[in-house]
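Undergrad: Have a look at the structure that comes next, please.
The values are calculated or read from the model by the stated rules, or taken from the named source; none is laboratory data. In this text, all values refer to a predicted model and were calculated from it rather than measured experimentally. Using ideal geometry, Cβ is built from the backbone for each residue, glycine included, and neighbour counts are taken over all protein chains shown.
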Amino acid sequence: MKRSWNLVAALAFAMANALAFASTNAKLTGDYVEVRTASVFAGACHYNGELTTTGRDAMLAWNVASGSWRGVDLAGVRALAIVSAEDNLANLRAARRSELVIDAATEAQASAMAEALRSKYASTLGQIVSIRRAPIAFKHEGRTYHVSAAHLAKIDVEAMPNDECCKMPHLVWYDPLVPLAHRKVGYTIDAFFAGGSTGDSWLRAGENSAFYGQFAI
């Protein structure tokens, strides 16, 4: 009988540890949108024309709906990454630099979010040259996305009419910079970066240069 109770106690202890571990490492999930300085859905001639001349810059935005990192609850935290590379971002060997803007209620949340992004998206972000806290507006309403960070950056994206990217997948030339569930190509109404640690300012508008969907890390 004593051996049975010892076995039950051991199993209970193991389950408690497993639950604690799972809670500490709960998956982060939420909305994501990115805008690049090249059309991701276009005709072949348009794609080839941009491949070597542009597409070196992007903005990536996350809005955490639920989850934690290293025991820190990150629900409601938002982040924006501005990425710049020496070549088109499709070239995975090209050196990259990025700056992070994080909107979090506490320093612990900001640090945990930065660590999560650095850990999971190291190859996408490259060398992170700047991390700062600042307010970020992230609105996902229906089939539109609006992201803004003070006077630094702005993203306005809407879904393509009739989900054309799904009907003509052979005209989607790139993959999102981070893995996504239910990935869709978005139409960039306008996207603006004021310039900073990663490079000069840029503006894109009126093109199919965005991806959006749900992220999980």
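Undergrad: Every residue in the stretch 58-95 that is in contact with a Leu (Cβ under 7 Å, 6 or more places away or on another chain), buried (at least 23 other Cβ atoms within 10 Å of the Cβ) and without any contact (Cβ under 8 Å) to a residue 60 or more places away in the chain, please.
TA: Residues satisfying the conditions are V64, W69, L74, A79, A81.
Undergrad: Identify all residues within the stretch 197-212 that are at pLDDT below 95 and outside any loop (DSSP other than H, G, I, E, B); write none if there are none.
TA: Within the stretch 197-212, G199 is the sole residue that qualifies.
Yes/no per residue for (1) of a type in the set (A, V, I, L, M, F, W, C); (2) at pLDDT 85 or above; (3) over 17 Å from H146 (Cβ atoms):
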residue: F21; (1), (2), (3): yes, no, yes
residue: A26; (1), (2), (3): yes, no, yes
residue: V35; (1), (2), (3): yes, yes, no
residue: A44; (1), (2), (3): yes, yes, yes
residue: G55; (1), (2), (3): no, yes, yes
residue: N63; (1), (2), (3): no, yes, no
residue: G67; (1), (2), (3): no, yes, yes
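Undergrad: Turning to a different aspect of this structure: Quick check on E141: is it among the acidic types (D, E) and more than 25 Å from T53 (Cβ to Cβ)?
TA: Values: among the acidic types (D, E): yes; more than 25 Å from T53 (Cβ to Cβ): yes.
In short, yes.
Undergrad: Counting only residues that are surrounded by 12 or more Cβ atoms within 10 Å (Cβ to Cβ) and part of a helix (DSSP H, G or I), which one in the stretch 164-175 is modelled with the lowest pLDDT?
TA: Among them, the one singled out is E164.
Undergrad: Take the stretch 195-210 and flag every residue that is more than 20 Å from G43 (Cα to Cα), in contact with a Lys or Arg (Cβ under 9 Å, 6 or more places away or on another chain) and not hydroxyl-bearing (S, T, Y).
TA: If we filter the stretch 195-210 for residues that are more than 20 Å from G43 (Cα to Cα), which is where we start, we get 195-203.
Checking which are in contact with a Lys or Arg (Cβ under 9 Å, 6 or more places away or on another chain) leaves us with 197-199.
If the condition is that a residue be more than 20 Å from G43 (Cα to Cα), in contact with a Lys or Arg (Cβ under 9 Å, 6 or more places away or on another chain) and not hydroxyl-bearing (S, T, Y), then G199 is the only one that fits.
Undergrad: Test of understanding: among V157, V147, V178, which residue is surrounded by 18 or more Cβ atoms within 10 Å (Cβ to Cβ), under 21 Å from S68 (Cα atoms) and among the aliphatic types (A, V, I, L, M)? Write out each step before concluding.
TA: On the way: V157 fails: under 21 Å from S68 (Cα atoms); V147 fails: under 21 Å from S68 (Cα atoms).
Of V157, V147, V178, the one residue that is surrounded by 18 or more Cβ atoms within 10 Å (Cβ to Cβ), under 21 Å from S68 (Cα atoms) and among the aliphatic types (A, V, I, L, M) is V178.
Undergrad: Another question, then. Going residue by residue through the stretch 113-125, is there one that turns out to be at pLDDT 95 or above, buried (at least 16 other Cβ atoms within 10 Å of the Cβ) and in contact with a Lys or Arg (Cβ under 6 Å, 6 or more places away or on another chain)?
TA: No, every residue in the stretch 113-125 fails to be at pLDDT 95 or above, buried (at least 16 other Cβ atoms within 10 Å of the Cβ) and in contact with a Lys or Arg (Cβ under 6 Å, 6 or more places away or on another chain).
Undergrad: List the number of the failed condition for F215; all other conditions in (1) touching a Phe, Trp or Tyr at 6+ places or on another chain (Cβ under 6 Å); (2) modelled with pLDDT under 95 hold.
TA: (2)
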